[in-house]
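For reference, the structure is listed below as structure tokens.
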Amino acid sequence: MKAAQEISKLEPRRNRFDVEQVRKDFPILAQKVHGKPLVYLDNGATSQKPRAVIEVLNHYYAEQNSNIHRGVHHLSERATAAYEAAREKVRRFVNARREQEIVFVRGTTEAINLVAQSYGRTFLKEGDEIIISAMEHHSNIVPWQMLCEQVHARLRVIPMNHDGELVIDEYRQLLNEKTKFVSVAHVSNALGTIVPVKEMVKLAHERGVPVLVDGAQAVPHLKVDVQDIGCDFYAFSGHKMFGPTGVGILYGRSELLDVMPPYQGGGDMISLVTFEKTHYNVLPYKFEAGTPHIAGGIGLGAAIDYLAALHWEQVSSHEDDLLAYATGALSDIEGLRIIGNAKEKAGVISFVFDHLHAHDVGTILDQEGVAVRAGHHCAMPVMQRFGVPATTRASFALYNTREEIDALVKAVGKALKVFG
Ligand code: C6P
């Protein structure tokens, strides 16, 4: 394979996506770390924020700050309108049928816990089975294990092959009359695998089994259409798609949300409270107890506006180019092994060296200004499947460049020199 720098010279960019212009929208990227230009390749953990989002957050606190759904005064009405406008932006972003199907939560983790506790505790019972996959993040394992303990259900796991792809035939075998729920990631955070969720939903629905898709790593990379996927629930976090931390979304089909009890009790999720009985609010407020992350919701709306102004096809082809370029360049390094070689992948590359710990690699990379994640990526079973304690993970976003991948490759070379 050609060296990274050679590929860079030989193959001009295939699209007209102006990445330098995009980079100017993200002020944090201009800084130096340890005297080197920051190369931020830890987007799977959290993405950076465009100025448009930062300004909306500032503006909210400087000009609009007020509680929502409660006040009769001007500021409260403005804050409520901005928050509800953000809900509509999210609805359009994932193509949900109605705003009532968009529940603001803290993030993917809370969304999955909500479904496990509300739907799961109501509709699952002893002997029932829940299917997840071998590539799940802990957030899509532990809530189901907790539910299994509570209702005495059983967790079944779809295996994956050595490339990090789910074995769909095994999934078919696992689906049976005891299956009462399926919950799978759309994109693996540790491997980058894009999972054929539409096909998997179809197979589950043939048996009347509802499906939750964990979209945490999908929304920054793929055009998500919940109606096309056909899933019953779709969970994601704002902070991985250029929005603020502390806010995320649970999309749920209203037919299911309607029959689910609230997850938490408190203000805003009620229509009438007496000491004898409480009547719950309508959707989606039934699931939104307490004062929400108002600025976060509005900021997430701004992140969606930002993405909507870009051409999705160009963003996709830029990210595909980065992934192909990085895969080629890293594969050239002697002793480096990429974990996760699925045919369909989003912008994530996990790699290991047999005699070098991922944390040591990550530390040297940091000295070179290159930010990656090293560890188990909250997906310990994935590490166990591949027999490694940890990987070094580079995860890309739309503002990354081939030059940054060259810097990554150079820094990995330095780590190899340092640790012999
Ligand atoms: N993965 C990573 O570095 P929260 O923390 O709720 O925003 O997202 C949880 C989560 C759920 N599912 C998947 C597939 C994820 O990747 C994550 C978060 C980060 O890979 C932080 S551990």
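The values are calculated or read from the model by the stated rules, or taken from the named source; none is laboratory data. In this text the structure is predicted, and so the values were computed from the model without any measurement. For neighbour counting, all protein chains shown are included, and Cβ atoms are generated from backbone atoms with ideal geometry for every residue, glycine included. For the accessible areas, the whole protein counts, side chains as well, though only heavy atoms, and no ligand, DNA or RNA atoms are used. Shrake-Rupley method; radii C 1.70, N 1.55, O 1.52, S 1.80 Å.
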> Which of the aspartates and glutamates could be linked to LYS417 by a straight reach, that is with a Cα gap under 19 Å, when you skip same-chain ones fewer than 8 residues away?
Replying inline: ASP332, GLU334, ASP354, ASP360, ASP366, GLU368, ASP406
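Using Cα-Cα distances under 8 Å and only pairs 6 or more residues apart, what relative contact order does the stretch 239-316 have, in percent? Let's see the in-between values first.
Numbers: 72 pairs, mean separation 26.1, N = 78.
Contact order relative to length: 33 percent.
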>> For ASP128, what residues show an amide H to amide H distance below 5 Å, using hydrogens built from the backbone and excluding near sequence neighbours?
In response: ARG154
>> Using a 1.4 Å probe on the protein heavy atoms only, what accessible surface does VAL22 show? Give it in Å² to the nearest 10.
In response: 10 Å²
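Have a look at the DSSP beta bridges in the stretch 60-308 and tell me what percent are antiparallel, nearest 5. Let's see the in-between values first.
On the way: 14 of 29 bridges.
Of those bridges, close to 50 percent are antiparallel.
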> Where a Cα-Cα gap under 14 Å defines reach, which aspartates and glutamates qualify for LYS343, not counting those fewer than 8 residues away within the same chain?
Replying inline: ASP163, GLU165, ASP320
> Calculated FRET efficiency, LYS178 and LYS32, Cβ-Cβ r, R0 56 Å, to nearest 0.05?
Replying inline: 0.50
>> Along the Cα→Cβ direction, 7 angstrom out, place labels at LYS343 and VAL142. What is the inter-label distance in nm?
In response: 3.6 nm
>> With a cap of 10 neighbouring Cβ atoms within 10 Å, and only residues DSSP puts in a loop, list the GluC sites (Glu not before Pro) found in the stretch 325-420.
In response: GLU334
> In nm, to one decimal, how far is the modelled label at ASP258 from the one at GLU403, with both set 7 Å along Cα→Cβ?
Replying inline: 5.6 nm
> When we measure straight from the Cα of LYS125, which lysines land under 22 angstrom away, once same-chain ones fewer than 8 places off are left out?
Replying inline: LYS178, LYS180
> For the stretch 231-239, in order, what is each residue's ³J(HN,Hα) by Karplus, 6.51 cos²θ - 1.76 cosθ + 1.60 with θ = phi - 60°, in whole Hz (x at glycine and Pro)?
Replying inline: 5, 8, 9, 9, 10, 7, 10, x, 6
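Kirkwood hydrodynamic radius, the stretch 239-337, all distinct C-alpha pairs: what's the number in Å?
On the way: mean 1/r = 0.0571 Å⁻¹.
Result for the stretch 239-337 stands at 17.5 Å.
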> Most fluctuating residue of GLY208, GLY192, GLY243 in a GNM of the chain with Cα springs under 10 Å: which is it?
Replying inline: GLY208
> For VAL33, which sequence-distant residues (separation of 5 or more, or a different chain) have an amide H within less than 5 Å of its own amide H, given hydrogens modelled in the peptide plane?
Replying inline: LEU38
> Placing +1 at every Lys and Arg Cβ and -1 at every Asp and Glu Cβ, with all other atoms neutral, what dipole size does the chain have around its Cα centre, in debye to the nearest 20?
Replying inline: 280 debye
>> Let me understand the stretch 355-420 better: what is its radius of gyration from the alpha carbons, and its Dmax, in angstrom?
In response: 12.5, 34
> Which residue, ALA62, ALA185, ALA216, tops the fluctuation ranking in a GNM of the chain built on C-alpha contacts under 10 Å?
Replying inline: ALA62
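Return the Rg/Rh value of the stretch 60-308, two decimal places, where both radii are evaluated on C-alpha atoms and Rh is the Kirkwood radius.
Numbers: Rg = 18.3 Å, Rh = 18.6 Å.
Rg divided by Rh gives 0.98.
In percent, what relative contact order does the chain have, based on Cα pairs under 8 Å that are 6 or more apart in sequence?
24 percent
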> Taking 0.36 nm per residue of separation and subtracting the Cα-Cα distance, what length does fully extending SER317 through THR245 add?
Replying inline: 23.2 nm
>> How large are Rg and Dmax for the stretch 223-273 when calculated on the C-alpha trace, in angstrom?
In response: 13.9, 41
> What is the antiparallel percent of DSSP beta bridges lying wholly in the chain, to the nearest 5?
Replying inline: 60 percent
>> Could you tell me the ratio Rg/Rh of the chain? Both radii from Cα atoms, Rh via Kirkwood.
In response: 0.99
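Using a 1.4 angstrom probe on heavy atoms only, work out the carbon and sulfur share of the accessible area of the stretch 60-308 in %.
Numbers: 4990 of 9900 Å².
In the stretch 60-308, the share of accessible area belonging to carbon and sulfur is 50 percent.
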> Based on the Cβ-Cβ distance of LYS202 and MET380, what FRET efficiency does E = 1/(1 + (r/R0)^6) give at R0 = 41 Å, to the nearest 0.05?
Replying inline: 0.85
>> Just to confirm the filter: which trypsin sites (Lys or Arg not before Pro) across the stretch 290-355 are DSSP coil and have at most 16 other Cβ within 10 angstrom of their Cβ?
In response: LYS343
> Given LYS32/LYS223; LYS24/LYS286; LYS198/LYS410; LYS24/LYS89; LYS89/LYS410, which pairs have Cα atoms separated by over 30 Å?
Replying inline: LYS32/LYS223; LYS24/LYS286; LYS198/LYS410; LYS89/LYS410
